[in-house]
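The values are calculated or read from the model by the stated rules, or taken from the named source; none is laboratory data. Treat the numbers as computed from the prediction; the structure is a model and nothing was measured. So basically every Cβ, Gly included, is an ideal-geometry build from the backbone, and we count neighbours across all protein chains shown. We work out accessible area using only protein heavy atoms, side chains counted, and drop any ligands, DNA or RNA first. Shrake-Rupley method; radii C 1.70, N 1.55, O 1.52, S 1.80 Å.
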Amino acid sequence: MTATNDDLLVFRDMVLRFLEQEVDSEFEAWERSGLVPKALWKKLGDAGMLCVDFSEEYGAADTSFDVALMIIEELACKGYSGLSSGYNIHANIVAPYIQSIGSKQQCDRWLPAMVSGDVVGAIAMTEPGAGSDLAALATSAIRDGDDYILNGSKVFITNGIHADLVIVAAKTDPKAGAKGVSLFLVDTSLPGFSRGKQIEKLGQHDSDTAELFFNDLRVPMNALLGEEGKGFTYLMEELPRERLGIAACAIGAARGALAITLDYVQQRSAFGQKVGAFQNSRFKLAEVKAELEINTAYVEKCTAAYKRGEMTVEQAAIVKLSATEMQWKTVNECLRLFGGYGYTKEYPISRFFVDARVQTIYGGTSEIMKEVIARSMLGRG
């Protein structure tokens, strides 16, 4: 389904009104506390903003994927990148995994609750000793009769504090490398599940991030997501949507940073003229605008390919690499135009700056993206 301009305008207006009513006045407090309240997820669900491109069968709006990306982008444009990241995990990664791979029983159990916001979703892949190397996972899932017993830990898990449901990547065959990875739907109320303290981060402070622990956690057979041993394949199949979400966040954040910078340079004076009148300011902002437009066009191209089922792993790596590096360059240049004020928390450009850094790290670092792209041309080195 492709959203019409009217659809996008209606949903964008709804999103902006929701943010004005429920987020704008509270966000600074959430940044200081390092956590959005869990009740916000229910409010997002009540407003019809979760999993918007899912079927009405699950209580969702059954609109276009374009709308889903637009919400991620608008959250980031407002400077709410942490919330945008958490939203992307819940609505654009975890829920689609279940919809694409899950059984009818799994979909019926979890998706309506994720649409309503009664259940918050997270995905647990990264481990303290594995990083981007999913084949080196140490978390294990050992078959025991009709159950699996999970042991291990995960780190840097977005939505980890609030999560009611976690998709956990674990080794069901420790000797098989990547082919021994399986995915499990873990109910966080089960005995053996625990969370570490919330991880304090450089940026995206309101995005709750935690270490998760599994200690002889027993899950039934029907908690296996898809087939045993196909977890790595599933992760690769779902990466295009995940990386498009990160790219949409990058586009939104760059738009927001540029907008507040344009306002600032037209108000602030130095040496008897507006900062925006200096050639350096004008040229830097022109470069930022050009890069933003080019990356926006490529995101739109990849979105169209994704909806046709034709987006490749290489395209996903390119869009993630290019958009997030553009975001980082944009906020860096914009902050410099604020001078010393840009380095203070009083001006929101500082938040755009610190929030941007992780975009080139999670979802696959820029270096990993370059390797993926190089392999598509040159094979493995």
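What is the percent carbon and sulfur in the accessible area of the range 215-360, measuring with a 1.4 Å probe over the protein chains and ignoring ligands?
C and S atoms contribute 53 percent here.
May I ask you to derive the FRET efficiency for Ser194 and Lys38 from their Cβ-Cβ distance with R0 = 22 Å, giving the value to the nearest 0.05?
0.80
Would you mind counting up the charge near Leu19? Only other residues with Cβ under 9 Å from its Cβ, with Lys and Arg at +1 and Asp and Glu at -1.
In short, -2.
Express the relative contact order of the range 306-381 as a whole percentage, based on alpha carbon pairs under 8 Å and six or more residues apart in sequence.
Averaging sequence separation for qualifying contacts and normalising by length gives 40 percent for the range 306-381.
Suppose each label sits 7 Å from its Cα in the direction of the beta carbon; what would the Glu367-Leu8 distance come out to in nanometres?
Result for the modelled spin labels: 3.7 nm.
Could you check the simple spin-label distance between Phe283 and Asn222, using points 7 Å along Cα→Cβ, in nm with one decimal?
With each label point 7 Å from Cα toward Cβ, the separation is 6.6 nm.
I'd like the distance between the alpha-carbon centres of the range 293-319 and the range 160-210, rounded to an integer number of Å.
28 Å
Please list Ser189, Ser84 from largest to smallest accessible area, probe radius 1.4 Å, with all protein chains kept in place.
Ser189, Ser84
At 1.4 Å probe radius, can you tell me the per residue accessible area of the range 303-381 in Å²?
Per residue, the range 303-381 has an accessible area of 52 Å².
What does the accessible area per residue of the range 58-163 come to in Å², with a 1.4 Å probe and no ligands, DNA or RNA counted?
30 Å²
Using Cα springs under 10 Å in a Gaussian network model of the chain, which residue among Ala91, Ala29, Ala253 shows the largest mean-square fluctuation?
Ala29
Ranked highest first by average number of other Cβ atoms within 10 Å, how do 116-124, 344-352, 269-277, 49-57 line up?
Highest mean packing first, the order is 116-124, 49-57, 344-352, 269-277.
How much length is gained if the chain between Lys104 and Ala29 is pulled fully straight, taking 0.36 nm per residue apart and subtracting their Cα-Cα distance, in nm to one decimal?
Here the answer is 23.0 nm.
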